[in-house]
Amino acid sequence: DTGVSQNPRHKITKRGQNVTFRCDPISEHNRLYWYRQTLGQGPEFLTYFQNEAQLEKSRLLSDRFSAERPKGSFSTLEIQRTEQGDSAMYLCASSTGQGEMDTQYFGPGTRLTVL
Amino acid sequence: AQSVAQPEDQVNVAEGNPLTVKCTYSVSGNPYLFWYVQYPNRGLQFLLKYITGDNLVKGSYGFEAEFNKSQTSFHLKKPSALVSDSALYFCAMNSGYSTLTFGKGTMLLVSP
């Protein structure tokens, strides 16, 4: 069990550019989640996958955001035409998929800074 | 709507003293409650969770939490604080939507 990994750990970009983050879940975890955390706040849910199916998206996930999980393994989160308000820590988590009592295990996060 | 509140932005305690980090929740059904800890530039680490049964839940690193349904609380406790416990603590709830709702976090500072 190597834990959830995320790449890159840090990303600095200029407003208007596109960025893509990658998350590798714990092997054999069926569920994968994306959260966003801003300074002084707890993480806020963005979206989650059960295997390759994207089952829920938050209203926070604007049209500029897209997430994929091809083949039910790793996931990518892309932000198009970044805005300064997108600056945050993006956290990925995974769980076994047994239900609401599942423990979600988090990766180290990707810190995005939009200049 | 479901929500989680952590009424204290910061808790200060001396090493060796007991600590309590407070959490209250609001939900229409039965909650599943979690505590996570976050160290600087790190992701969230799972400490413990309440699903059902015994109201006192024991977790990692000597932490425990007490579920109180009548007070809708799930306070995190430790009998003897360590300087290394200093970190940001988050209470979270899953009430049946498969996603976690987090509180704003409480910074715990343990002084030597």
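The values are calculated or read from the model by the stated rules, or taken from the named source; none is laboratory data. Here the structure is a predicted model, which means the values were calculated and not measured. Neighbour counts are summed over all protein chains in view; Cβ atoms, including those assigned to glycine, are modelled from backbone coordinates with ideal geometry. Keep in mind that these areas ignore ligands, DNA and RNA; they rest on the heavy atoms of the full protein, side chains included. Shrake-Rupley method; radii C 1.70, N 1.55, O 1.52, S 1.80 Å.
Things worth noting here:
- Globularity ratio of the range A:72-115, using Cα Rg and 2.2 N^0.38 Å: 1.46
- Vicinal HN-Hα couplings computed from phi for the range B:98-103 (Karplus, 6.51 cos²θ - 1.76 cosθ + 1.60; Hz; Gly/Pro x): 6, 10, 9, 9, 9, x
- Global form of the protein assembly as shown, assessed from the alpha-carbon gyration tensor, a/c cut-off 1.5: prolate
- The alpha carbon centroids of the range A:26-69 and the range B:12-85 are separated by 24 Å.
- Its Cα centre serving as origin, the range B:24-103 has a Cβ charge dipole (Lys and Arg +1, Asp and Glu -1) of approximately 60 debye.
- Here the protein assembly as shown is assigned +1 on the Cβ of each Lys and Arg and -1 on the Cβ of each Asp and Glu. Its dipole about the Cα centre then comes out at about 540 debye.
- Buried area at the B-A interface (accessible, heavy atoms, 1.4 Å probe, summed, Å²): 1800
- Shielded by partner chains, the range A:70-93 residues - at least 10 Å² of accessible area, 1.4 Å probe, vs chain alone: A:M89, A:L91
- Fraction of accessible area attributable to carbon and sulfur, the range A:50-101 (%, probe 1.4 Å): 43
- Reachable lysines from B:K22, criterion Cα separation under 27 angstrom, eight or more residues apart if same chain: B:K49, B:K58, B:K69, B:K77, B:K78, B:K104
- Our summary gives chain A a relative contact order of 36 percent, counting only alpha carbon pairs under 8 angstrom and 6 or more residues apart.
- Neighbour cut-off at most 16 other Cβ (10 Å), DSSP loop, chymotrypsin sites (Phe, Trp or Tyr not before Pro), the range B:44-104: B:Y97
- The mean accessible area for residues of the range A:62-115, using a 1.4 Å probe and ignoring ligands and nucleic acids, is 42 Å² per residue.
- Expressed in Å, the radius of gyration and Dmax of the Cα atoms of the range B:2-75 are 12.9, 38.
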